[in-house]
Amino acid sequence: MEDNPLSRRRLLWGAAGAAGAALAAAGLPQLMKPEDKANAGPPGPARKAPVAAGPPATLRRDPSVDYAPAVWVEASESNYTASERPEAYPIEYVVIHLTTDIMPIMFTKFKDPAERVSAHYMISATGTRIAQCVRERDVAWHSGSVWYNHRSIGIEHEGWTDQPFYTDKMYEASAVLTATICAKYDVPVDREHILGHVEVPLSTHDDPGTAWNWDKYMKLVETARRRIRT
């Protein structure tokens, strides 16, 4: 089934090395290794907020991305549904996610056909990198709901639900992306159409978590939307 939900609290034991090797082969930057989660493998030290480097000069920008600041890091074709949105399905929602993994691990998962998961965009913890993994016209498998997947854009953010702080740059980068999507597809800028993953009906996930500042985020989206010409 295309929407087998991804358990974002599951870390692949020893996957950091494999992810780094895969990303190095693809010309992508390698970040720090993830620390152990308490419910996945032996307990480790307290985790620090992830730090993501800016895009290296050798990272080629694909002219086919839907959002100019993004770089193209394609998900496996087995992890999304090819479509012709918005003609096939109206785009009516933006769904906000947190990765609970660092970006290299998430890229590896999106490229693994066995994972059955993807998102349209991913934003680094520092807000300095935006990756597009699925074209907006196609249906990413991100919300756990087939109906919402067909009618939404999914944005992943590098972070953890129990992390007490998210950077201003990440909020700002995400808000401009969301405002651009809302302008392009005439999505209302309100909390009925900009959702957290936890708010998708029958969701089994709790992201973006209580640390996500919705008031701050929505004000940033509203400001960015006013600046964008339709």
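Derivation of every value follows stated rules applied to the coordinates shown; laboratory data play no part. All of these numbers come straight from a predicted model, not from anything done at the bench. Virtual Cβ from ideal backbone geometry, glycine too; neighbours counted across all protein chains shown.
Here are a few things to note about the model shown:
- Counting other Cβ atoms within 10 Å as a rough exposure proxy, the listed residues Ser203, Ser143, Ser64, Ser78 run Ser64, Ser78, Ser203, Ser143 from fewest neighbours to most.
- Label-point gap, in nm, between Arg227 and Glu87 - each point 7 angstrom along Cα→Cβ: 3.4
- Shape index of the stretch 61-227: Rg/Rh, with Rg the Cα radius of gyration and Rh the Kirkwood radius from the inverse mean 1/r over Cα pairs, equals 0.92.
- For the stretch 61-227, share of DSSP beta bridges that run antiparallel, in % to the nearest 5: 25
- Ranking of Glu136, Glu192 by neighbouring Cβ atoms within 10 Å, starting from the fewest: Glu192, Glu136.
- Ascending count of other beta-carbon atoms within 10 Å, so fewest first, for Asp138, Asp101, Asp162: Asp162, Asp138, Asp101
- Sequence-separation-based contact order of the stretch 61-227, relative, with Cα cut under 8 Å and 6+ spacing, percent: 27
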